[in-house]
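The structure appears below as structure tokens.
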Amino acid sequence: MNKTLPFSKAELERIIEKYPTPFHIYDERAIRENARDLLAAFSWAPGFKEFFAVKATPNPHILKVLKEEGFGADCSSLAELVIAEKVGITGENIMFSSNDTPAQEFRKAKDLGAVINLDDISHIDFLEKHAGLPELISFRYNPGPLRGGNAIIGLPQEAKYGFTREQILKGYGIVRDRGVRRFGLHTMVVSNDLEPNNYIATAEMLFDLVVEVYQATGIKIEFVNFGGGIGIPYRPEDKKVDINLVSEGIKAAYEDKIIKQGLHPLRIFTELGRMITGPYGYLVSTVLHKKEIYKDYIGLDACMANLMRPALYGAYHHITVPGKEDRPLDHVYDVTGSLCENNDKFAIDRSLPELVPGDIVVIHDAGAHGHAMGFNYNGKLRSAELLLRPNGDVKLIRRAETLDDYFSTLDFGTL
Ligand SMILES: *Cc1c(COP(=O)(O)O)cnc(C)c1O
């Protein structure tokens, strides 16, 4: 995947005059085009809907763009439900896929008319007690140990999520007896996965279960939700997942399993986050210091409080130095932030052009699980978020935190 930027160095310098680094900036045009590609790929699917995983980029301005493209919202907390509500996403355009859920959050989801996707069979009673059962209910499936040559990443039997197969079969009968009339089925068994066949395998698994539920209980499931988890090409040598290929594989399985069994139409939902916005957000930072000891270090004005993935997972994020794209990559640096943690590094042993204080550095693929994972450890403040509009204008969609924000939960007067 060729790593390019949606702005020139001169354009970036103009933006920085108004909004000092560090900041996250999102490319609205690319996000919209990507959203349209997804919907076009699944145009064959009955009632297809993508519920954007709000946790990936919980900014209402981003969610508004996606709403305009026809997306719903996948929420898993009270704050995410409120963001969806503020954007005007309500009712069954909200998927509430939570776990270990407080009663208040079920009540809010129910008040909004959201599709409630239960994580556990015991939550049937809990939901009934605290919010009442809605007309439509969905269950999250955990397949447990996956047999055969299935290459799905992760070990579902080690994951805290979802119902077992037996609980799924039992659960639909329980809620039907209590008046539920409409049913959905959800799972999520992949994460940041670049292999199209794994998402297709998820679909096949759920289609089989829809058939099994129908044969065992007579219950006709109205939708399947394959969750999120499609990966993005963080590394230049990674290949972007061909969403048309994924869609074709799912279509073949739909014809083979659902149409053949007379269970058409079955609605198809996704709740992708990373692949919707991830490649279209950038963390822009300035080189503060250069340090030469046993290794050479480049110190930025951003730190892992702005983008935690490299420190947390050892994740690769590509780095471009605007204006130095054509220089040889003949210097090897650790690119660091200022936290008092030695893992506060955006890159280790990265070949880059020679850098000097004042250079602008752009860190790619920060559009999902980037600003969202920000934190305040070491008194670090979360940065601003900007939206690069299709006409080239830049809109501030979240201001940078200030010291007053940081101290706002303290009362120095009681010292
Ligand atoms: C995190 C999450 C998603 C989105 O995952 P991505 O990797 O961002 O696509 C979707 N659904 C649920 C339930 C999640 O927890």
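Worth a mention:
- Between T277, T402, T187, the GNM of the chain built on Cα springs shorter than 10 angstrom shows T402 fluctuating the most.
- Scaled radius of gyration (Cα, divided by 2.2 N^0.38 Å) that the chain gives: 1.05
- Relative contact order [Cα under 8 Å, 6+ residues apart], the chain, whole percent: 18
- What a 1.4 Å probe finds exposed on the range 13-103 is 48% carbon and sulfur by accessible area, rounded to a whole percent.
- For the chain, modelled as a GNM whose springs connect Cα atoms under 10 angstrom apart, the maximal fluctuation among D100, D27, D405 occurs at D405.
- Dipole axis of the chain (+1 Lys, Arg; -1 Asp, Glu on Cβ), positive-most option in F71, A384, I25: F71
- For the range 280-407, the Cα gyration tensor yields ellipsoid semi-axes of 23, 19, 13 Å (square root of five times each eigenvalue, largest first, whole Å).
- Amide H contacts of A347 (H built 1.01 Å from N, under 5 Å, at least 5 apart or other chain): V335
- Each peptide in 247-259, 46-58, 323-335 was scored by the mean count of other Cβ atoms within 10 Å over its residues; highest first, the order is 46-58, 247-259, 323-335.
- Label-to-label distance for D326 and D256 is 5.1 nm, based on points extended 7 Å past Cα in the beta-carbon direction.
- Charged side chains reduced to their Cβ positions (Lys and Arg at +1, Asp and Glu at -1) give the range 97-222 a dipole of some 380 debye around its Cα centre.
- In this structure, R178 and M373 have a Cβ-Cβ separation that, at R0 = 41 Å, corresponds to a calculated FRET efficiency of about 0.60.
- Our helix-only sum for the chain, with -39,500 (n - 2.57) per DSSP H run of n ≥ 4 divided by its residues, gives a mean residue ellipticity at 222 nm of -8500 deg cm²/dmol.
- Radius, Kirkwood style, for the range 231-307 when every pair of distinct Cα atoms is counted (Å): 17.1
- For the range 98-232: relative contact order, % (alpha-carbon pairs under 8 angstrom, 6 or more apart): 23
- Close amide H contacts of M304 (hydrogens built in the peptide plane, cut-off under 5 Å, sequence separation of 5 or more or a different chain): G337, S338, L339.
- Summarising the amide proton neighbourhood of F23: residues at separation of 5 or more, or on other chains, whose placed amide H is nearer than 5 Å comprise V284.
- Per residue, the accessible area of the range 90-272 comes to 44 Å² when a 1.4 Å probe rolls over the protein heavy atoms.
- Across the options P134, M95, Y316, the greatest Cα extent toward the positive end of the charge dipole of the chain (unit charges at beta carbon of Lys, Arg, Asp, Glu) belongs to P134.
- Using the Karplus relation 6.51 cos²θ - 1.76 cosθ + 1.60 with θ = phi - 60°, the per-residue 3J(HN,Hα) values for the range 69-75 come to 7, x, 7, x, 10, 9, 10 Hz, with x marking Gly and Pro.
- Per-residue Karplus couplings for the range 86-100, computed as 6.51 cos²θ - 1.76 cosθ + 1.60 with θ equal to phi - 60°, are listed in order as 4, 7, x, 8, 9, x, 6, 7, 10, 9, 9, 9, 10, 8, 6 Hz, Gly and Pro entered as x.
The values are calculated or read from the model by the stated rules, or taken from the named source; none is laboratory data. Just so it is clear, the model here is predicted, and its values are computed rather than measured. Ideal geometry is used to build each Cβ from the backbone, glycine not excepted, and the neighbour counts take in all protein chains shown. In case anyone asks, the SASA skips ligands and DNA or RNA and just uses the protein heavy atoms, side chains included. Shrake-Rupley method; radii C 1.70, N 1.55, O 1.52, S 1.80 Å.
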